[in-house]
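Worksheet for the structure shown next.
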Amino acid sequence: MSCSPEHTSIDLSKLKLLNSGGDLAEYRAKLQGDKNPDRKIVSVCTGTGCKAYKCDSLAEALRDEVCKAGLEEKVEIVATGCHGFCERGALMVIYPEEILYQKVKSENAADIVAKTLAKGEVIEELLFVDPVSGKKCTKENDIPFYKHQQQELMHGGRMLDPRKIDDYIARDGYSALVKVLGEMKGDEVIDQITKSGLRGRGGGGFPTGVKWRTCKDAPGEQRYVICNADEGDPGAYMDRSLLEGNPHLIIEGMIIGAFAIGSSQGYVYVRNEYPLAVSNLTTALEQARAMGLLGKSILGSDFSFDIKVVRGGGAFVCGESTALMASLEGYVGEPRAKHIHTVEQGLYDQPSNLNNVETWANVPLIINKGVDWFTGIGTGDVSKNPWGGSKGTKIFSLVGKVNNTGLVEVPMGATLRQIIFDIGGGIRDGKKFKGVQTGGPSGGCLPEKFLDQPVDFDELTKAGSMMGSGGMIVMDEDTCMVDFARYFLNFLRDESCGKCTTCREGLKRMWELTNDICEGRGTQKHIEKLESLAKVVMDGSLCALGQTAANPVLSTLKYYREEYEGHIERGECIGRVCKPLISFHITAECNGCNLCALNCPYDAISGEKKKGDTYKIDQDKCTKCRICYQSCKFDAIDIRTGTQG
Amino acid sequence: MIDIVIDGKTIQAEQGASLLQTALDNGIDIPHLCYHPAVEAYGACRLCLVEVTAESHGRKKTKLTTSCNYPVLPGIEVVTDSENIRENRKGVLELLIARAPKAKRVRELAAEYGVDAQAYPVSGEECILCGLCIQVCKDVMGVEALGFIGRGDKKDVGTPFDDLSKECIGCASCASVCPTQCIEVIDTADTRELPRWRAIHKLVRCRICGKAVATEKHLAHLKKTVNMDEDVRSVCPTCRREFYAKQAMAEGHM
């Protein structure tokens, strides 16, 4: 037989219309029975990160080789969602052996099929080498990055093709929906979600069940359920990966929520910059609709509900609930006053229940696995008070100066140290940890003394930061905390909608003040002004963007005040970042290789080609571009600051 | 009508009404720039901050909020002047005077609150982006010639593509509500210019006394929206009164 590329688009008219839960169970049994139970499954990550490493051609090459080798009955290639370890893409895992290959290229496909899939031989070159221990890891669970995680939400997406509803159904997909439609009343669903202690994953941490209850009880002709997929924190992509990798999980969560609340219309508000998420979600919705899992009379019941995808134009502020609803209505994404909550009067002035992608993704799991399973994970006690703890797992986007970057899912209450050092493998290049930014632009920055702080909704807030939606940026000793605060102010002054004087003008002025400090013009008055202005911005602004915008400044002023003072009093930037406060010098370590002089774009370096300190940098010509520093093989470039300079 | 407490005094107010308007109606002054009773409160300038204590989930909570868009609700207690409120208003005024140092109303308020006019480098704008011009154009005149452009600290007000708007009728309502008087209106013998919107309109003169009545487009707009005789429309308000008075006398009503 000939080996032709797989058809990725599924003919909707050939999908079976399911009229009951029994139909679905029968269909699932058939799907499971059709496949060889002893087959090997090759899960090839086709998330956005791995796409940059050409994972699509890798998956195609693997299919081709499997076909050529006649292994089609024994091996299934699955193009899945994000595996999380994005910096090591393209990633693939062979089950049941759990052999993980990283940095795989399509040229490796023939070898992988001939050696590993046909003969069980492991290809050493494709294994992950732990940068901390230097050990080669064969199985994914040998890798510290995976070993210390608890993937509940992400695991499903790593085993199925998000473009095929059959894959989701075969793995018990939509069974929570069947349970809800067949056995439960709306109020029971709300009770279960409330008892589970599930709290809003977008960062607010409001108990989901309480929100659903308020929405259900609010008077209105039409109730809406909305999925907030307008993720915009710098460096964060948890929701993106979930939507791309397992869209049916979110859809199932929304249908259950709509059933509980009594809604017939849902919306997913997703950023247009997430093309793969938009595409996979749209495909998933079409397939679900064609099978009677969405639309009129879902699974033959008298419950009808449909979902529309609305693409956002990329304004950060549209992640704020009222701005999002304004944008959904076709207006400019500006927040509105929330004296009456959106669950009572939101979209088109109707009761509207908005939850984040990750919150929705938790719903089918709670229904299927039960309240006790969920409350068994996490911190605190939610049996009497839904605010009493943080339950379940949380996905974090671990980025910055750690050895292993990517998406990590851990139980609530895992400490910063576990995430950054056990999973993240600590700081790169043997540098020292300086701080971790959690909660995106609304969060704060925490120093080393908080490393053993459990990460959940309440603990990080006590320390002056917040868990937020799950962004986690790790910084090493080469980071300047004033520059860091300036970065977030710059982000926010641009992303503010500009309505409130306090946010629009205040953030601009706060940016100017930090910029003055970074450029060596700061005085003690600058710090005082930053502190007093921060209060005006936080107290005087309408929405959460402005109300939390000063957090990066306030937390760095609290924990790294000596850096601000160093800039002001001694012209010293200890992170060696702020250009006006640093200078570059060549030390006696110089080997005379001339590489720095060759690379210098401004001809600022000259000297005699011999060992010793003959090379000099002309400070008038130097633009502090760092190229010499980065290209020197002998660590002979010294960056001086403050009194050293 | 319900009872609410403002600065310790019990006041009768209409539920849902603007808290700021209610205070003003009762002789309690709260500084404001972007509020105008003719349009829905937008809450941009942040000067009308007050402290509202309300019950939520069985607990009393006090928060700082703008009073213009806060509705009168049963049981609320309002404080319109406190150390905290003054500090915040002062902070807002520092920001506003740095943005619009020439604006008379901003300067008056800044002086009243003892604000340091040199707290920040002056940016020399005159507009404070309160949005009243946009709202009055859209919601009162029904025209929509103006809108906000951009966001964040690059936000601005203008016409589409900063060009002469086809929609603008030259009524100058925008100028009349502007709290910083930064929309200039230049009337010459037969034109009206609004340089901020790059608009030049033909003025129609009163056929009786020769004074400017309105722009041609404004009169055309009135023809569509107001039931008024053609004869009357092209006559200035003074002559119009005279016209109606004479008509009434001739018909023997007076």
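What follows is calculated from the coordinates using simple rules that are stated; it is not laboratory data. As the structure is a prediction and not an experimental result, all values here were calculated from the model. Glycine also receives a Cβ, built like all others from the backbone with ideal geometry; neighbour counts cover every protein chain displayed.
For chain A, what relative contact order do you get, as a whole percent, if you take Cα pairs closer than 8 Å and at least 6 residues apart? Mind dumping the intermediate values first?
Values: 1368 pairs, mean separation 72.1, N = 645.
It rounds to 11 percent for chain A.
Would you mind computing Rg(Cα) / (2.2 N^0.38 Å) for segment A:481-570, counting N as its residues?
Working: Rg = 12.1 Å, N = 90, 2.2 N^0.38 = 12.2 Å.
Compared with the compact-globule rule of thumb, segment A:481-570 sits at 0.99.
If segment A:172-381 were replaced by its equivalent ellipsoid, with semi-axes equal to the square roots of 5 times the Cα gyration tensor eigenvalues, what would those be, largest first, whole Å? Write down the numbers at each step before the final one.
Details: eigenvalues 108, 75, 67 Å².
Three semi-axes, in Å: 23, 19, 18.
When Rg is the radius of gyration of the Cα atoms in chain A and Rh is its Kirkwood radius, what does Rg/Rh come to?
Values: Rg = 26.9 Å, Rh = 26.7 Å.
Rg divided by Rh gives 1.01.
Once the other residues with Cβ under 11 Å from the Cβ of residue B:28 are scored (Lys, Arg +1; Asp, Glu -1), what is the net sum? Could you put the intermediate results ahead of the total?
On the way: positive: B:9; negative: B:7, B:25, B:29, B:81.
Once positives and negatives cancel, what remains is -3.
Whole angstrom only: what separates the Cα centroid of segment A:356-394 from the Cα centroid of segment A:624-639?
So the separation of the two Cα centres works out to 50 Å.
Cα axis of helix B:83-99 to longest principal axis of chain B: angle in degrees, 0 to 90, nearest 10?
On a 0 to 90 degree scale, this one is about 40.
How would you classify segment A:91-172 from its alpha-carbon gyration tensor, with a ≥ b ≥ c the square roots of the eigenvalues: rounded for a/c under 1.5, else prolate if a/b is greater than b/c, otherwise oblate? Working shown, then result.
On the way: a/c = 2.27, a/b = 1.25, b/c = 1.81.
Taking the square roots of the gyration eigenvalues as a ≥ b ≥ c, segment A:91-172 is oblate.
Direction-averaged shadow area of the convex hull around the Cα atoms of segment A:355-452, nm²? Let's see the in-between values first.
Values: hull surface 29.3 nm².
So the Cα hull casts an average projection of 7.3 nm².
Determine one quarter of the surface area of the Cα convex hull of segment A:35-147, which equals its mean projected area, and express it in nm² to one decimal.
Details: hull surface 26.0 nm².
For segment A:35-147, averaging the hull's shadow over all directions gives 6.5 nm².
Taking loop as defined by DSSP and a crowding limit of 11 other beta carbons within 10 Å, which trypsin sites (Lys or Arg not before Pro) in segment A:432-490 fit?
Numbers: sites: A:432, A:434, A:449, A:462, A:486; in loops: A:432.
Of the trypsin sites (Lys or Arg not before Pro), the ones in loops of segment A:432-490 whose Cβ has at most 11 other Cβ atoms within 10 Å are A:432.
Any idea what the relative contact order of segment A:35-147 is, in percent, if you count C-alpha pairs under 8 Å spaced at least 6 apart? All intermediate terms of the calculation are to be shown ahead of the outcome.
Numbers: 190 pairs, mean separation 31.0, N = 113.
27 percent.
May I ask for the distance between the Cα centers of segment A:277-332 and segment A:118-197, given as a whole number of Å?
24 Å
From zero outward in steps of 10 Å, how is the percent of C-alpha pairs of chain B spread across the bins?
Bin by bin from 0 Å, the calculated values are 7, 23, 26, 22, 16, 5, 1.
With the radius of gyration and the Kirkwood radius both derived from the Cα set of segment B:194-254, what is their ratio Rg to Rh?
Numbers: Rg = 14.1 Å, Rh = 12.9 Å.
In segment B:194-254, Rg relative to Rh is 1.09.
Length gain on complete extension for the stretch residue A:68 to residue A:602, per 0.36 nm per residue less the alpha carbon to alpha carbon distance? Could the numbers behind the result be given before it?
Details: separation 534, 0.36 × 534 = 192.24 nm, distance 5.60 nm.
Roughly 186.6 nm would be gained on extension.
When Lys and Arg each count +1 and Asp and Glu each count -1, what net charge do the other residues less than 10 Å away from residue A:532, Cβ to Cβ, add up to? Let's see the in-between values first.
On the way: positive: A:529, A:535, B:90; negative: A:528, A:531, B:87, B:94.
Spelling it out: positives minus negatives among the neighbours equals -1.
Work out the mean other chain Cβ neighbour count within 10 Å for the residues of B:149-158 and drop it here as an integer. Before the final figure, lay out each step's value.
Details: counts 1, 2, 13, 15, 14, 6, 5, 1, 0, 0.
The shielding value for this peptide is 6.
Give, in nm to one decimal, the length gained when the segment between residue A:308 and residue A:523 is fully stretched (0.36 nm per residue of separation minus the Cα-Cα distance).
Numbers: separation 215, 0.36 × 215 = 77.40 nm, distance 5.31 nm.
Fully extending the segment from residue A:308 to residue A:523 adds 72.1 nm.
Which order do the peptides A:274-285, A:14-25 come out in when sorted by mean C-beta neighbours inside 10 angstrom, highest first?
A:274-285, A:14-25
As an exercise, find the ratio Rg/Rh for segment A:291-434 from alpha-carbon atoms, using the Kirkwood inverse-distance average for Rh.
Here Rg/Rh amounts to 1.06.
How many Cβ atoms of partner chains, on average, are near each residue of A:505-515 if near means within 10 Å of its Cβ? Intermediate results must be reported in sequence, preceding the final value.
Working: counts 13, 7, 2, 8, 9, 0, 1, 2, 1, 0, 0.
The mean count of partner-chain Cβ atoms within 10 Å per residue comes to 4.
In whole angstrom, how far apart do the alpha carbon centroids of segment A:469-546 and segment B:105-178 sit?
A separation of 25 Å, based on Cα centres.
Would you please put A:244-257, B:45-58 in order of how densely packed they are, using the mean number of other Cβ atoms within 10 angstrom per residue and starting with the highest? Let's see the in-between values first.
Numbers: A:244-257: 28.4, B:45-58: 19.6.
Top of the packing list down: A:244-257, B:45-58.
Rounding to the nearest 10 and keeping the result within 0 to 90°, find how far the Cα-based axis of helix A:186-196 lies from the longest principal axis of chain A.
40 degrees
For chain A, take the longest principal axis of its alpha carbons; what is the angle in degrees between that and the long axis of helix A:501-518, to the nearest 10 within 0 to 90?
Around 40 degrees separate the two axes.
Quick one: which of A:628-636, A:375-383, B:168-176 comes out on top by average Cβ neighbours within 10 Å, and what's the full order, highest first?
Numbers: A:628-636: 15.2, A:375-383: 17.8, B:168-176: 20.9.
In decreasing order of mean packing, A:628-636, A:375-383, B:168-176 become B:168-176, A:375-383, A:628-636.
Can you list, largest first and rounded to whole Å, the semi-axes you get for segment A:69-214 by taking the square root of 5 times each eigenvalue of its Cα gyration tensor? Numbers along the way, then the final one.
Numbers: eigenvalues 292, 87, 26 Å².
They are 38, 21, 11 Å, listed from largest to smallest.
Per residue of chain A, what 222 nm ellipticity follows from adding -39500 (n - 2.57) for every DSSP H run with n ≥ 4, rounded to the nearest 500?
Details: 24 runs with 230 residues, N = 645.
Value at 222 nm, helices only: -10500 deg cm²/dmol.
Please list, by residue number, every one of the GluC sites (Glu not before Pro) in segment A:120-189 that is coil in DSSP and has at most 16 other beta-carbon atoms within 10 Å. Don't skip to the end; give the middle numbers.
Values: sites: A:121, A:124, A:125, A:140, A:152, A:183, A:188; in loops: A:121, A:152.
Counting only loop positions with at most 16 other Cβ atoms within 10 Å, the GluC sites (Glu not before Pro) in segment A:120-189 are A:121.
Considering all projection directions equally, how large on average is the shadow of the alpha-carbon convex hull of segment B:69-152, in square nanometres? Intermediate values should be presented prior to the final figure.
Numbers: hull surface 32.3 nm².
Result: 8.1 nm².
If all Cα-Cα distances of segment A:581-644 are sorted into 5 Å bins from 0 onward, what percent lands in each bin, rounded to whole numbers?
In whole percents, the pair-distance histogram is 4, 20, 34, 26, 12, 3, 0.
Sort segment B:9-69 into rounded, prolate or oblate with this rule: let a ≥ b ≥ c be the square roots of the eigenvalues of the Cα gyration tensor; rounded if a/c is under 1.5, and if a/c is not under 1.5, prolate when a/b is larger than b/c, oblate otherwise.
Working: a/c = 1.82, a/b = 1.40, b/c = 1.30.
Prolate.
What Kirkwood radius, in Å to one decimal, follows from the Cα pairs of segment B:132-248?
On the way: mean 1/r = 0.0651 Å⁻¹.
It works out to 15.4 Å.
How shielded is B:83-90 by partner chains, expressed as the average number of their Cβ atoms within 10 Å of its Cβ atoms?
Details: counts 0, 2, 1, 0, 4, 6, 2, 2.
Whole-number average of other-chain Cβ neighbours for B:83-90 is 2.
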